[in-house]
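Engineer: Okay, here's the structure, questions in a sec.
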Amino acid sequence: TDVIFFVQQHRGGPYLYPATVKYARTDKRMEGRDYLDETLSEAEHYGMKIWLALTPPIGPFHGTGFNGLNNPGMLKLYEDVIVEICEKYGKYKSLAGFFPHEVDCTEIADIHSDDLNDFSAYCKKNFGEKYTGIIMPNKTDPDDKWWRRYALYKNEIVNNFNIMVDR
């Protein structure tokens, strides 16, 4: 009775509802239809629960410079999409919630070369010392404390994205 509906055509791809959020494109193949509304409406008749999968892109979101799950622009875009969907389709009991899909795959590809200051602040806050490297730790080495902290930093980014989606 529970179904995952991919509300995006692919990673960071167009949406299967008439999205009005800035940077959120609607899939051209809908041709005036609203696949999400049709799905939720039909699911109501059968007592089904629809979970909407959100799949962030690997790399920048189409048409933006938003790169990474910790980018404020990316977070705002997904938050706005969630709010828009809740406002438009919240009337349906069949709308069970949101499912962040493969965000670990999205995050693993982000090497965070633009996040040195954020990573350093994370290290200071959580481990009492700032990171002083000139590039992010990039060699997998469980004996290297900076590499371990970098792995934890990336996990926190995924956790924070999932918490934002879950709100």
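The values are calculated or read from the model by the stated rules, or taken from the named source; none is laboratory data. Please read all numbers here as calculations on a predicted model, not as lab measurements. Positions of Cβ are backbone-derived with ideal geometry, glycine not excepted, and every protein chain shown enters the neighbour counts. Quick note on the areas: whole protein, heavy atoms, side chains included, nothing else; ligands and nucleic acids left out. Shrake-Rupley method; radii C 1.70, N 1.55, O 1.52, S 1.80 Å.
Engineer: At 1.4 Å probe size, with every protein chain present, just tell me what the per residue accessible area of region 62-126 comes to in Å².
Structural biologist: Ligands and nucleic acids excluded, the result is 52 Å² per residue.
Engineer: Output ³J(HN,Hα) for region 103-116: one whole-Hz value per residue in order, computed from phi by the Karplus curve 6.51 cos²θ - 1.76 cosθ + 1.60 with θ = phi - 60°, and x for Gly and Pro.
Structural biologist: Working through the residues one at a time gives 5, 5, 5, 5, 5, 4, 7, 7, 8, 6, 4, 9, 10, 4 Hz.
Engineer: Can you work out ³J(HN,Hα) from phi for every residue in region 65-76, in order, using Karplus 6.51 cos²θ - 1.76 cosθ + 1.60 and θ = phi - 60°, giving whole Hz and x for Gly and Pro?
Structural biologist: Each residue of region 65-76 in turn: x, 6, 10, x, 6, 9, 6, x, x, 5, 4, 5 Hz.
Engineer: Same structure again: On the protein heavy atoms, probe 1.4 angstrom, tell me the percent of accessible surface of the chain carried by carbon and sulfur. Kindly include the intermediate steps, with their values, before the conclusion.
Structural biologist: Numbers: 5040 of 9470 Å².
The value for the chain is 53 percent carbon and sulfur by accessible area.
Engineer: Dipole of region 79-121, Cα-centred, from +1 at each Lys and Arg C-beta and -1 at each Asp and Glu C-beta, to the nearest 20 debye? Present the calculation step by step, with values, prior to reporting the outcome.
Structural biologist: Working: 3 positive and 11 negative charges, 113 e Å.
Computed charge dipole of region 79-121: roughly 540 debye.
Engineer: Let me ask something else about it. Who wins for biggest fluctuation among Phe99, Phe61, Phe127 in a Gaussian network model of the chain, springs between alpha carbons below 10 Å?
Structural biologist: Greatest mean-square fluctuation among the candidates belongs to Phe127.
Engineer: Something else: Hand me the GluC sites (Glu not before Pro) from region 82-125 located in a DSSP loop with no more than 15 other Cβ atoms within 10 Å, in residue order please. Don't jump to the answer; show the numbers that get you there.
Structural biologist: Working: sites: Glu84, Glu87, Glu102, Glu107; in loops: Glu102.
Answer in residue order: Glu102.
Engineer: Read through the labelled values (i) 105, 33, 22; (ii) 62, 31, 23; (iii) 57, 32, 24 and report the label of the one computed as Cα extents along the principal axes in Å from the structure.
Structural biologist: Here the calculated entry is (iii).
Engineer: Moving to a separate point now. With each pseudo-label sitting 7 Å past Cα toward Cβ, what's the Met48-Val3 distance in nm, one decimal?
Structural biologist: Reported label-point gap for Met48 and Val3 is 0.1 nm.
Engineer: Within the set of other residues whose C-beta is less than 15 Å from the C-beta of Thr64, count the net charge using Lys and Arg as +1 and Asp and Glu as -1.
Structural biologist: That sum, taken over residues with Cβ under 15 Å, equals 0.
Engineer: Where the convex hull is taken over the Cα atoms of region 76-167, what is its projected area averaged over directions, in nm²? Write down the numbers at each step before the final one.
Structural biologist: Details: hull surface 28.8 nm².
Over all viewing directions, region 76-167 projects a mean Cα-hull area of 7.2 nm².
Engineer: Mind checking which of Thr140, Asn126, Phe98 is farthest towards the positive end of region 76-145's charge dipole, using Cβ charges of +1 (Lys, Arg) and -1 (Asp, Glu) about the Cα centre?
Structural biologist: Phe98
Engineer: Just to check I understand the Karplus step: with θ = phi - 60° and J = 6.51 cos²θ - 1.76 cosθ + 1.60, what whole-Hz values come out for region 121-138, glycine and proline as x?
Structural biologist: 5, 4, 5, 4, 5, 9, 10, x, 8, 7, 7, 10, x, 9, 9, 5, x, 10
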